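Data first, discussion second: the structure below is written as C-alpha cells.
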Amino acid sequence: MRITSFVIAFLFLSCNPPLTPKGPFEQQLVVYSVLSTGTNLQYVRVYSNYDVSGYNPFENILDRPVIGARVVVTGPRGSFIFRDTLLPRADTSRYKAPIAAYVANFRPDADETFALEVIVGSGSSARSSVTIPSHAGPFTWEPGLFLLNDPETYKIYSTISVAGRAGQRTGAYTYQFLITFEVQTGSGWKADSVLVPASPLPLNNSFGYVGGYCNKTYYVSSLKSVLNTFAGNAITFKRFSFRVLQMDQNWCNYYNMVRRAEDTLTTRTDLPDFTNMTSGYGVFGSCTVDLFTHAYPDTFAYNRR
Amino acid sequence: MMRATTSRAISLLFLLAALATHARSQGADVRGWVSDSLTGQRIPFANVLLLGTTRGAATNGSGFYMIPRVPPGRYEISASVIGYRRKVGHVVVEPGKPIEMNFLLAASPVESEEVLVTGVRRREIGERVISAQVLEPKEMKLTPALVQEDIFQSLKMIPGVVSTNDVSSRFYVRGGAGDQNLTLLDGMRIYNPFHAMGIFSLFDPDIVQNVEMHTGAFPPGYGGVLSSVVSVTSRDGRSDRIAGRASVNFLSEKLQLEGPAVAGTTWMVNARKTLFGETFKRVVNKNVPASFFDVFSKFNVQLPGGAKMDLGMLVSSDEIHFPPATRFIYFSPPPEPDCFWRTSAASGTFSDLVGNRVFLQTSFYFTDYRATRDVKSATTGTPAFNRIKEHGIRVLTTSYTDAQNLVYFGFDFGFPSVEYRLTNTSGKPISSYKSYADGSIWLRYQARYSLWNVDAGIHADFGSIVAREQGLEGLQPRVTVTRDLPEGWKLRASAGLFSQRMITLNDEDDVLTYFDAWVKIPDGLSIEKAGHFVLGVEGGLDEATSIRVESYYKRYAALTVYNRNKLFASDPDYVTGTGNSYGVEALVRSKLWILDLYASYALGWTRVQNRGFDYYPRYDRRHAINLLVSAQPVNDLDLSLRWEFGSGFPFTASVGYYDRLRLGNPLTNPVETETGLPYIALGEKNGSRLPPYHRLDFSASFRFTVLGFKGSLGGQIMNVYDNINVFYFNRKTGASTNMLRFFPSALVKLEY
C-alpha cells in the first residue's frame, strides 16, 4: 500500500506544469526623450511597462503614463525640472486619452552633455546621459548659387545639392529643403514656407559628411506651386534653406533597432533591443538642428510684384 | 606561401602512409572474413584469436580480419562475437604463404546480460577509442520505444546524448549544438535523421547491421562537425532464401522483403509508412498533423575472393500539415505553418583486400535534402526553403603492419551545394546559394605497446584549407591513449581538434523551433572550431556490474553566433563567438537477479561568449538521466521499463510588454505626439529554464512461432504517467504544441 501510494504520488508530482514563456513581471520605467537644439521646449515621456493575462498586448487598452514623477535634466547651465503637461495624440486608434508628458523650457546647445534622472514615488528610477552632437558644416552649395538663383537657365544641371562636415557624435542625419517667401495679403506681407521634396529618411553618417540633394525639377515646381497657390498676390521669395537634423548615436541606434523589421537583408527572426537607460526601457537621445540658408537676390526671377 | 605549405603537408601524409604500409613479413598472414552462417551477412567487430597465443584481431566494418606475421606452425583459431556461437578451426602456417580462414558463425539467442554487461567491452572499437559505442539490433530490442525499437531511442541511452525537440535534426551531445552532429548511413550524410515528431528515426532497426556512435574526440576519418558522429551501417539481404517481414502497429506499417538474386548477389527492400492519421481518425476521430514514409533498398554483390559491392538507396518524406480550424487531441490548434522534409540518398561501396595487407573501401555517395515551410493561412512564420545536394567519394585503406599495429589512410571529397530561400521579417525574399568543394584526408595509426594502446592520427580538413577558411589549424591532430590497469580496468585520455563549415540557422531567442535551415557559414566569418579533451576510466565492479566514467572539456575556438550589436541593415547578422563545455558522465550496467539494469547520468555545463557577453546557449542541459530495466521472466517474453530525465533547456523569458515609439523623422513628424506599438520585453538571455523533460516508457514483447511463421506480439506504453513535454512554443501567440503524451500501442510482427 505504501509503495502504491508512493508510485501514485510520484506519477502526479512528476507531471510538468504547462509551459509559459513568461518570466516574473517586474515593473519597469519606459522613458523616451530627445533633446533638440531646434526648439525651446524639451519633452520627456515616462511610462511603465505592462503585462496582460494572455499573449495579446493589445488587450492593454490604457496608456500607462507615470504621473507625478520627478524629472530633471542637468546640463552645464544648471538643472531643469520638468513639469506635467498634456499633448494631443496624433493617432487615437488604440489609446484615446491625450499624451501625458513632461516638459521644460530650455534650448540645449551643441556639444553640451545632459544627465536625465526620472524618479517616481514608488522609488524606482531611470537615468541616462547624452551629449548633443556638434554643429554640422560649413556647407557649400553644388554646383553653385547660380543654379539656385536661375534654375531654368542652366539646363545641364539636374540636381541641387549641399554638403558639409558632420558634427561629432552624429550617428545619422536627415534634412529638408525649404523655400521661404512673403506673400502680400490685404493686411500686409505674410511670411510662409514650402518644402521641396527630398530624402525623408535618416541616413547613415558613415563618411563623416552630411549632405542633401533635391531634383531641380522639384525645386522649380515648388517655386511655381507657390505662385499658383497665391495667384494674383505679390510674392517675394526670401530664402532657400537646407535644414539638417543630426541624431546622436543613441537615438540612431534606437531608430535602427526599432526598424529591424525593415532590414531587407537579414535572415534573423529575433527581437532586437536597445536602450541607454540605466534601468528600464526607452532611449535618451539628442539632436542638433542646423540651418544653412541662401538669401535670394531681389532680382529673383520668380518674384511677383 | 600557404599553398606551398599545404602541398608539403599533404606530401608528407602520403609519404607516412606509404612508409607505414610497407611491412616486412617474418611468418605468414592469417586473414579472412567472418560471416553469418545463415544469411551470409559479414559480421563486423568479431574477435578472431589464435588460441594459446596473444595474437588476435577484430573484423572491420566489412567483416574482414587479418593477423599479420604469424610464425610458422599449427594453430587453433577461434572467432566469436556477441549474438553468435563461437567457432574454432585449425590453420597451418607456412613461411611466406598467407592463409585465408573464413568463419561462418551461427546466430545464438540474445542474452541480455551479455549485451548489457559485457557487450561493449568486447568490441575492438572500445579498446582503443574513447567515447565510442557500437549498437546492434539485438541491443536496440532491449530499449523500450514507442511501438517499435528505434536507433535514436537507443542512442539516447548513451550518457551525454540528449534530445527533446527531435523533430529537427537535433540531439545534443556533451554541450554541443544540434547541428554539430554527423549522421551517416552507409557513408551518405543524412541532414534530418528524424521522422516527424521525433518518434522514429529514419533508420528502421530491421535494416541496420550496427550503429557506431562517437560522443567526443572521434578519430581521424570523421570530420565536418564539432560534437558527435553517428554512423549507421545497413545489413545485407539474406543470401539463403527469400524472406519477408511485415508489421503493423498503431502508428506505422512496414513491409520488408529480401533474398538472393543471381549467384553471389542479395537484395533487400524495406518500406514504412505512418498510420498516425488513420489511427487517430478512426479511434478518437481526431486529426494528427504528422505523417511520413521511408523506403530503403540495398543490393549487394559478393565477388569470388571476398570483394564486395553494395548499392544502397534511401528515400524519406515527412510532413507536418495543420488543417485549418481543426482541433487535435494531442496538439493545440493554432494555425502554424506546414512543414515538409524530403531526403533522397544513394551510395555505392566497393571493398576488397588489395595486395597482401591493404584493405580498401571505396564509397560513392549522393544526398539530396529538402525542407519547406509553407505558411499558407498561418498567422505566424514566413515561407522558407532549404536544400542541400551533395555527392562525393570516400576512400579508406587499412594497412595491417603487424599483429598489434594498424594504419588507416583515407580521403573524402564531396561537392555540396546549399540553397536557402526565405521571406524575412520585413517580407523581403532572400535567397542564398553556395556550391563548393569539401574534402578531407586522414592518416591514423593504431599501436599497442605492452600495457599501452595508442590511436593517433591527423585529419586534414582539406576543403577549408584550400578555400582559405582556415590555415594550418585545419590539420587536426587526434590522439587516444589507453592504459590497461589490473583486473581489466582501463584508463583513457583523448584529445582532438575539429572544424565545421555548415550550420543551421534559427532564432536564438525563440523558445523552441522546429524548422532549421542548413547554410554554409557566411562569408567573412570563421568556420566553427573546437578542441576535445576526454579522460575516462572503465572496468568491472564485480562479475555482474561494469562501470564507465568519463569527463570532458570542449573548447569552442569559433562559434557562429548572433551579432548582438547589429543596428544597421549593413551590419552582419552573425559574428564569431567562442564557448566551452565540460562535464562528467557515468554509465553503469548490471545484472541483478532476473533484471538487467542500465543507468547513465550526465552532468554538464556549456557557456557561449559573444563579444564580451557570456550566456548559456539553448542546448545547455545540466542533468540527464537514463534508467533502463529489462527482464526475461520466461522464455520468449521480454519486459522493459525506461525512464528518461533531462533538466530544462534555457530560454529567454518574456517579462512583459512596453510600447515602443518609432521616433521617426522629427523634421516631419513630432516625436512627442506619437503612439507606440507593443513590444515583448525579454528577460536575461537564456536566463530561464524550460520544464524538465521526463518520460517513462514500458514495453512487453512475446515471441511465437505459428505455422512456420515467426512472429512477435508486443505492447508498449509511451509516457506512462502522461507528462507534458513541450514540442514547440510560439512566444507571440502563446500557442504550444506538446510531444506525444500517454500513448498505449500494440505491435504485431510476422516473418517468413
Would you mention how many residues in region B:156-178 are crowded, with 24+ Cβ neighbours inside 10 Å and at pLDDT 75 or above?
11
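Return yes when A:D91 is over 22 Å from B:G664 (Cβ atoms) and of a type in the set (D, E, K, R) and no when it is not.
no
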Complete set of residues in region B:715-743 that are without any contact (Cβ under 8 Å) to a residue 40 or more places away in the chain and more than 8 Å from chain A (Cβ to nearest Cβ):
B:G715, B:I717, B:N719, B:F742
Using the structure shown, decide if A:D109 is modelled with pLDDT of 90 or more and either assigned to a loop (DSSP other than H, G, I, E, B) or facing chain B (nearest Cβ under 8 Å) (or both).
yes
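Rundown of residues vs (1) part of a loop (DSSP other than H, G, I, E, B); (2) over 23 Å from B:F649 (Cβ atoms); (3) touching a residue at least 24 places away in the same chain (Cβ under 8 Å), yes/no style:
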{"site": "B:N565", "(1), (2), (3)": "yes, yes, yes"}
{"site": "B:G577", "(1), (2), (3)": "no, no, yes"}
{"site": "B:G604", "(1), (2), (3)": "no, no, yes"}
{"site": "B:R621", "(1), (2), (3)": "yes, no, yes"}
When you check B:S688 against the structure, is it among the small types (G, A, S) and either out of contact with any Pro (no Cβ under 7 Å at 6 or more places or on another chain) or within 7 Å of chain A (Cβ to nearest Cβ) (or both), yes or no?
yes
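In this structure, does A:I99 turn out to be surrounded by 13 or more Cβ atoms within 10 Å (Cβ to Cβ) and modelled with pLDDT under 95? Give the steps one after another, and end with the answer.
Details: surrounded by 13 or more Cβ atoms within 10 Å (Cβ to Cβ): yes; modelled with pLDDT under 95: yes.
Taking the combined requirement at face value, the residue satisfies it.
Which one of B:D516, B:D523, B:D509 is away from chain A (no Cβ under 13 Å) and modelled with pLDDT under 90?
Details: B:D516 fails: away from chain A (no Cβ under 13 Å); B:D509 fails: away from chain A (no Cβ under 13 Å).
The match here is B:D523.
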Qualifying residue in region A:39-58 (condition: in a strand (DSSP E or B), of a type in the set (D, E, K, R) and either within 17 Å of B:R660 (Cα to Cα) or facing chain B (nearest Cβ under 10 Å) (or both))
yes
(1) of a type outside the set (S, T, Y); (2) buried (at least 22 other Cβ atoms within 10 Å of the Cβ); (3) at pLDDT below 90 all hold for B:V407 apart from (3)
Do we find a residue being assigned to a strand (DSSP E or B) and facing chain A (nearest Cβ under 7 Å) anywhere in region B:692-709?
yes
Tally the residues that are buried (at least 21 other Cβ atoms within 10 Å of the Cβ) and farther than 28 Å from B:K308 by Cβ, restricting the search to region B:229-255.
3
When you scan region B:413-453 for strands (runs of 3 or more DSSP E) that lie fully inside it, which ones turn up with 2 or more residues that are under 18 Å from B:D523 (Cα atoms) and at pLDDT below 90?
B:429-435
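Listed here are the residues, each with its yes/no results for (1) under 21 Å from B:F498 (Cα atoms); (2) within 14 Å of chain A (Cβ to nearest Cβ); (3) of a type in the set (D, E, K, R); (4) touching a Lys or Arg at 6+ places or on another chain (Cβ under 9 Å).
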| residue | (1), (2), (3), (4) |
| --- | --- |
| B:A557 | yes, no, no, yes |
| B:S590 | no, no, no, no |
| B:Y598 | no, no, no, yes |
| B:G612 | no, no, no, no |
| B:I625 | no, yes, no, no |
Among the residues of region B:662-683, are any in contact with a strand residue (DSSP E or B) (Cβ under 6 Å, 6 or more places away or on another chain), surrounded by fewer than 21 Cβ atoms within 10 Å (Cβ to Cβ), more than 7 Å from chain A (Cβ to nearest Cβ) and within 30 Å of B:N723 (Cβ to Cβ)?
no
Being surrounded by fewer than 18 Cβ atoms within 10 Å (Cβ to Cβ) and either at pLDDT below 80 or under 13 Å from B:V269 (Cα atoms) (or both) is the filter here; which residues of region B:288-304 pass it?
B:V295
The lone condition B:L637 fails out of (1) under 21 Å from the mean Cα position of the chain (by Cα); (2) farther than 28 Å from B:G536 by Cα is (1)
Can you pull out the residues in region B:477-490 that are farther than 13 Å from B:D461 by Cα and under 25 Å from the mean Cα position of the chain (by Cα)?
B:V479, B:T480, B:V481, B:T482
Tally, over region B:438-474, of residues that are in contact (Cβ under 8 Å) with a residue 60 or more places away in the chain and either crowded, with 20+ Cβ neighbours inside 10 Å or among the polar types (S, T, N, Q) (or both)
18
Please go through region A:35-64 and pick out each residue that is buried (at least 18 other Cβ atoms within 10 Å of the Cβ) and either of a type in the set (V, I, T) or within 20 Å of the chain's Cα centre (by Cα) (or both).
A:L35, A:S36, A:T37, A:Q42, A:Y43, A:V44, A:R45, A:V46, A:Y47
Mind checking which residues of region B:459-490 are over 15 Å from B:V225 (Cα atoms) and among the hydrophobic types (A, V, I, L, M, F, W, C)?
B:I465, B:V466, B:A467, B:L472, B:V479, B:V481, B:L485, B:W489
Just give me the residues in region A:72-86 being surrounded by 15 or more Cβ atoms within 10 Å (Cβ to Cβ) and within 14 Å of chain B (Cβ to nearest Cβ), in sequence order.
A:F82, A:T85
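Looking at B:R492, B:R555, which is the one that is at pLDDT 85 or above, within 30 Å of B:I388 (Cα to Cα) and among the basic types (K, R)? Explain how you work it out, then say what you get.
Details: B:R492 fails: within 30 Å of B:I388 (Cα to Cα).
Unique residue meeting the criteria: B:R555.
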Which pairs turn up if I take residues in region B:410-436 that are within 13 Å of another protein chain (Cβ to nearest Cβ) and among the small types (G, A, S) and look for partners that are crowded, with 16+ Cβ neighbours inside 10 Å and assigned to a loop (DSSP other than H, G, I, E, B) with beta carbon separation below 9 Å, at least 6 apart in sequence or on another chain?
B:S426/A:D263; B:S426/A:T266; B:G427/B:T382; B:S432/A:T267; B:S432/B:P522
Taking A:Y102 as the residue in question, decide whether it is more than 14 Å from A:H294 (Cα to Cα) and assigned to a loop (DSSP other than H, G, I, E, B).
no
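If we keep just the residues of region B:578-599 that are of a type in the set (G, A, S) and within 20 Å of B:G646 (Cα to Cα), which is surrounded by the fewest Cβ atoms within 10 Å (Cβ to Cβ)?
First, the residues of region B:578-599 that are of a type in the set (G, A, S): B:579, B:581, B:583, B:586, B:590, B:599.
From what is left, the residues that are within 20 Å of B:G646 (Cα to Cα) are B:581, B:583, B:586, B:599.
On the way: B:S581: 25, B:G583: 22, B:A586: 15, B:A599: 18.
It comes out as B:A586.
The values are calculated or read from the model by the stated rules, or taken from the named source; none is laboratory data. Every value quoted in this text rests on a predicted model; they were computed, and no experiment measured them. No Cβ is skipped: glycine too gets one built from the backbone with ideal geometry, and neighbour counts run over all protein chains shown.
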